[in-house]
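A.B. asks: Pasting a structure below so you can have a look.
Every number in this text was worked out from the coordinates using simple rules, so none of it is lab data. Being a predicted model, the structure only gives us computed values, none of them experimental. When we count neighbours, we look across all protein chains shown, and the Cβ atoms used for this are built from the backbone with ideal geometry, even at glycine.
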Amino acid sequence: MSASVAAPPARVLVTKIGLDGHDRGSRIVASYLRDAGMEVIYTPPWQSIDSVVNMAVQEDIEVIGLSSLATDHLVVPELMQRLRSAGLGEIGVIVGGIVPDSEHPMLLEAGVSNIFGPGATREEIIACVADLAANTRSVRGTDQESD
C-alpha cells in the first residue's frame, strides 16, 4: 500500500514594515490567501525588519507579502539583504500597494519577485503566491510530505 503524498498549504507572512498603519489592503489579501487554503500569518502594522526576519524563521515562511501605502517599500532592499544574511534568500517576497512605477526597478533588483498595485486581481495574487511557495519548497527540498 503506498503512502498518500500531498503538499502542505503554503506558509505566507503578510505584514507591513515601517510607520504606515493603513492595513485594509493587506487584510484583504490575507483573506484571499486563506480562502485559497494557504496558512497565513498576519501581523499588525509597524513591524521592524528584524521582527519580520525572525517571524520568517520561526514560522517556516515560504512567501512574504509586504503592503505599502506610503513609502514603506523603500526599506524592502534592506529586508531582502537581511533575509539573505539569515540564509533565507529562497523566500519569495511580493510587495503590494502604492509603489511608483519609477521605484519598481529598485525593488526588483533587490530581489522582490513581484509588485502588485491597485487593480491586481485575487487570481493573480493567489497564483503568484502559490508559484513562489512551490519554488521555495523546491529550493529547500521540501516539495511534498507524506501523510
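A.B. asks: In nm, what is the difference between 0.36 nm times the number of residues separating SER51 and ALA134 and their Cα-Cα distance?
C.D. replies: Here the segment from SER51 to ALA134 would lengthen by 27.5 nm.
A.B. asks: When DSSP beta bridges are limited to those with both residues in the chain, what percentage is antiparallel, rounded to the nearest 5?
C.D. replies: Given both bridge residues lie in the chain, the antiparallel proportion sits at roughly 10 percent.
A.B. asks: Per residue of region 97-104, in order, report the coupling 6.51 cos²θ - 1.76 cosθ + 1.60 (Karplus, θ = phi - 60°) as ³J(HN,Hα) in whole Hz, putting x for Gly and Pro.
C.D. replies: Values per residue, Gly and Pro as x: x, 9, 10, x, 3, 5, 9, 4 Hz.
A.B. asks: How high is the relative contact order of region 9-139, in percent, with contacts defined as C-alpha pairs under 8 Å that are six or more residues apart?
C.D. replies: Over region 9-139, the number comes to 27 percent.
A.B. asks: If you line up the Cα atoms of the chain on their principal axes, what length do they span on each, largest first, in Å?
C.D. replies: 56, 32, 26
A.B. asks: Scaled to the compact-protein estimate 2.2 N^0.38 Å, what is the alpha-carbon radius of gyration of region 43-122, rounded to two decimal places?
C.D. replies: Compactness ratio reported: 1.04.
A.B. asks: Only four residue types carry charge here, +1 at the Cβ of Lys and Arg and -1 at the Cβ of Asp and Glu. Report the dipole size of the chain about the Cα centre in Debye, rounded to the nearest 20.
C.D. replies: In debye, rounded to 20, the chain gives about 180.
A.B. asks: Out of residues 5 or more away from ALA10 or on other chains, whose amide H comes under 5 Å of its own, with H placed 1.01 Å from N in the peptide plane?
C.D. replies: Those qualifying (amide H under 5 Å, at least 5 residues apart or on another chain) are GLU39.
A.B. asks: To continue, here is another question. Picking from ILE28, ILE61, ILE17, whose Cα lies most toward the positive end of the charge dipole for region 17-71 (charges on Cβ: Lys, Arg +1; Asp, Glu -1)?
C.D. replies: ILE28
A.B. asks: With each pseudo-label sitting 7 Å past Cα toward Cβ, what's the ASP35-ASP101 distance in nm, one decimal?
C.D. replies: 3.0
A.B. asks: Between ARG122 and ALA86, what is the label-point separation in nm under the 7 Å Cα-to-beta-carbon projection?
C.D. replies: The two pseudo-label positions are separated by 3.1 nm.
A.B. asks: Here is a further query. For region 26-49 and region 73-116, compute the distance between their C-alpha centroids and round to whole Å.
C.D. replies: 17
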